[in-house]
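The values are calculated or read from the model by the stated rules, or taken from the named source; none is laboratory data. Because the structure is predicted, anything quoted here is derived from the model rather than measured. Backbone-built Cβ (ideal geometry, glycine too); neighbour counts: all protein chains shown.
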């Protein structure tokens with residue numbers, strides 16, 4: 001038995017993999033970097049040698065050679081407390097990570113508020129990342145401004161400003177809101193309110209527009225509007241304001257499930273029944289839709305798929321492949337007890 005010298009063994013090299021596989025160093029390099037030009041049988045041979053030697057590619061050397069960091073940033077222009085309280089963001093991250101796990105790219109996350117957009121912009125434009133995914137952007141946020149000039153960038157939903165050349169992935173928020181409101185109309189509701197989202201964000205604008213369109217087409221009043229910020233607390237506060245108006249109200253479309261959950265609690269606090277007195281429909285089909293009683297009728301938003309598609313488009317942009325500028329994912333209405 002050989003004596004243990006106490007010295008660490010040298011890390012396996014590309015040359016050692018090539019020698020074990022019986023191929024050239026260039027062939028190993030092509031296999032490691034995912035080139036499609038290597039014959040399948042050679043790919044299998046090289047991969048077996050990589051596994052046998054426990055070879056790990058030198059990411060630093062690859063970065064120098066390609067001038068890439070193999071890192072992408074998920075930028076969320078919201079407070080950290082809001083990000084970690086909202087299941088939407090966790091589900092987006094799940095989808096992004098699922099796609100990036102099939103690539104060489106790593107993910108980091110930056111939360112940013114209007115308080116210091118310049119710090120965020122310096123970091124993103126300082127050669128630290130290869131591309132940016134922007135989620136939950138507001139028209140007044142400037143942390144991502146001008147990034148398109150320097151970095152590939154993909155948005156969740158169309159930017160409300162300077163969006164003509166931007167790549168984005170979205171659902172048809174207006175169509176989803178129409179489906180939700182039509183459900184209320186079809187069940188005989190005549191006084192249908194909405195708790196709309198922030199009007200500096202695409203989902204807030206589009207979901208309000210969808211609600212208005214259906215009510216106007218049905219000849220119903222569209223004056224019962226209050227606003228929230230997509231949180232449970234804001235939904236509860238908006239519902240209290242609606243009920244305080246003292247006007248007839250038998251249906252509610254909330255622009256997301258969190259605000260719907262807040263509204264449900266207030267409706268019950270006032271001794272009203274759901275759906276007998278007020279039917280409620282939400283949007284997203286997330287944790288809140290099934291954790292409340294009664295369970296929410298809601299618009300299913302494929303949030304994980306949204307994250308996955310955003311990552312796919314971004315990697316295509318980074319690597320110079322043709323990328324779809326606008327991607328729209330399908331939505332559907334999920335009928336439960338609340339409507």
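Of all residues in segment 15-27, count the ones that are surrounded by 21 or more Cβ atoms within 10 Å (Cβ to Cβ) and more than 14 Å from residue 52 (Cα to Cα). Residues in segment 15-27 being surrounded by 21 or more Cβ atoms within 10 Å (Cβ to Cβ) and more than 14 Å from residue 52 (Cα to Cα): 1 in total.
Scanning segment 225-246 for residues that are closer than 19 Å to residue 272 by Cβ and more than 26 Å from the chain's Cα centre (by Cα) yields a total of 9. When the criteria are applied in full, residue 278 meets the requirement of being farther than 19 Å from residue 89 by Cβ and free of Cβ contacts under 8 Å to residues at least 60 places away in the same chain.
Checking the structure you have, find out if any residue of segment 182-194 is more than 20 Å from residue 300 (Cβ to Cβ) and touching a helix residue (DSSP H, G or I) at 6+ places or on another chain (Cβ under 7 Å).
yes
Residues that are in a helix (DSSP H, G or I), assigned by TED's automatic domain parsing to the domain that holds residue 256, modelled with pLDDT of 75 or more and surrounded by fewer than 21 Cβ atoms within 10 Å (Cβ to Cβ) occur in segment 185-199; there is at least one. Scan segment 44-68 for residues that are crowded, with 16+ Cβ neighbours inside 10 Å, in a loop (DSSP other than H, G, I, E, B) and either in contact with a helix residue (DSSP H, G or I) (Cβ under 7 Å, 6 or more places away or on another chain) or modelled with pLDDT of 90 or more (or both) and jot them down. If the condition is that a residue be crowded, with 16+ Cβ neighbours inside 10 Å, in a loop (DSSP other than H, G, I, E, B) and either in contact with a helix residue (DSSP H, G or I) (Cβ under 7 Å, 6 or more places away or on another chain) or modelled with pLDDT of 90 or more (or both), then 55 is the only one that fits. Residue count for segment 255-287, restricted to those that are farther than 20 Å from residue 186 by Cα, crowded, with 18+ Cβ neighbours inside 10 Å and more than 23 Å from the chain's Cα centre (by Cα): 4.
Out of all the residues in segment 74-92, which are in contact with a strand residue (DSSP E or B) (Cβ under 8 Å, 6 or more places away or on another chain) and not in a helix (DSSP H, G or I)?
Once the filter is applied, which keeps residues that are in contact with a strand residue (DSSP E or B) (Cβ under 8 Å, 6 or more places away or on another chain) and not in a helix (DSSP H, G or I), segment 74-92 yields 74, 75, 76, 77, 78, 79.
Considering every residue within segment 210-226, establish whether at least one is at pLDDT 95 or above, assigned by TED's automatic domain parsing to the domain that holds residue 295 and under 22 Å from residue 292 (Cα atoms). Among the residues of segment 210-226, at least one is at pLDDT 95 or above, assigned by TED's automatic domain parsing to the domain that holds residue 295 and under 22 Å from residue 292 (Cα atoms), which makes the answer yes.
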